[in-house]
Ligand code: ADP
């Protein structure tokens, strides 16, 4: 019976990703990694968590396997399943099993979106047992020394139904992410989009205004990611107010009144 294994070279981050540290997250992550401690990244969408993981994978020279969790994602999807190919039964490792065997960094993005049964496989990996139960094969696989489990979640979105349980969160070293300070964010937006620093600073100012509307009509303010999008549109010759409308306001909400309010904010900045 064949077992599919990972072509590790495909998962290595070849070039240094641009990541601007915001606090002590790089040194804390490295210390957690060296101590075999799993890491939880908390923070709003688009504030640099994925980029940070790419950077850490490059820095630690480990393959990075990222899974975007969704409400249909099951433990089987993570661990693996039997498939019948040309009359032969083949076991195909899921992404978590591949990472465990290869000593990769496994990043489970938005973990609370996944089905509850995924926790059954995450818990024994996230404490000092560091084993992955493969129920369908009746096996427990021990994680390679270099394996690292990282999960992310956005506390802002959580409802009582979709919160991270204490039994899960108390297994992880938690790093809090937020939008970078304005000077840092201006530098990031300028570098990532190619827009002039002066324009980037205005985008950041506008973002701050939308972030103040969080909870009073907006679920979230504009993320760094959206600022980069608007910046790219501006570099391609789109008028800044139009870039903010299409790249930011429309992405934030469908509420016609909020869109008008957000557009007024961008017109006041540009
Ligand atoms: P998240 O995973 O938190 O949703 P991402 O890591 O995808 O967010 O960040 C969105 C974009 O914002 C990145 O592609 C990058 O352009 C930019 N970005 C945010 N924070 C940083 C940072 N600290 N350094 C470099 N780029 C950043």
Checking 80, 194, 215 against a Gaussian network model of the chain (alpha-carbon springs below 10 Å), the top fluctuating residue turns out to be 215
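Using a 10 Å cut-off around each Cβ, can you sort 148, 47 from fewest to most neighbouring Cβ atoms?
Working: 148 26, 47 21.
Fewest-to-most ranking of 148, 47: 47, 148.
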Bridge orientation stat for the chain from DSSP, antiparallel percent rounded to 5, came to 35
Hydrodynamic calc, segment 29-140: Kirkwood Rh from Cα pairs, then Stokes-Einstein at 10 °C with viscosity 1.306 mPa s, so D in µm² s⁻¹ is 105
Given 10 °C, 1.306 mPa s and a Kirkwood radius over Cα pairs, the Stokes-Einstein diffusion coefficient of segment 89-241 in µm²/s is 86
For the chain, averaging the sequence separation of alpha carbon pairs under 8 Å that lie six or more residues apart and dividing by its residue count, the contact order in percent is 20
Here the Cα Rg-to-2.2 N^0.38 Å ratio for segment 1-70 is 1.24
Over its alpha-carbon atoms, the chain yields an Rg and a Dmax in Å of 20.8, 66
Bounding extents of segment 96-163 in its principal axis frame from Cα atoms, largest first in Å, are 34, 24, 19
Protection proxy (average C-beta count within 10 Å per residue), highest first, orders 70-76, 170-176 as 170-176, 70-76
DSSP beta bridges in segment 15-156: the antiparallel percent, rounded to 5, is 45
With -39,500 (n - 2.57) per DSSP H segment of 4 or more residues and division by the full residue count of the chain, the 222 nm estimate, nearest 500 deg cm²/dmol, is -11000 deg cm²/dmol
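Just so you know, all these numbers are worked out from the coordinates, no wet-lab data involved. Since we're looking at a predicted model, the values are computed, not measured. We place every Cβ from the backbone using ideal geometry, glycine too, and count neighbours over all the protein chains shown.
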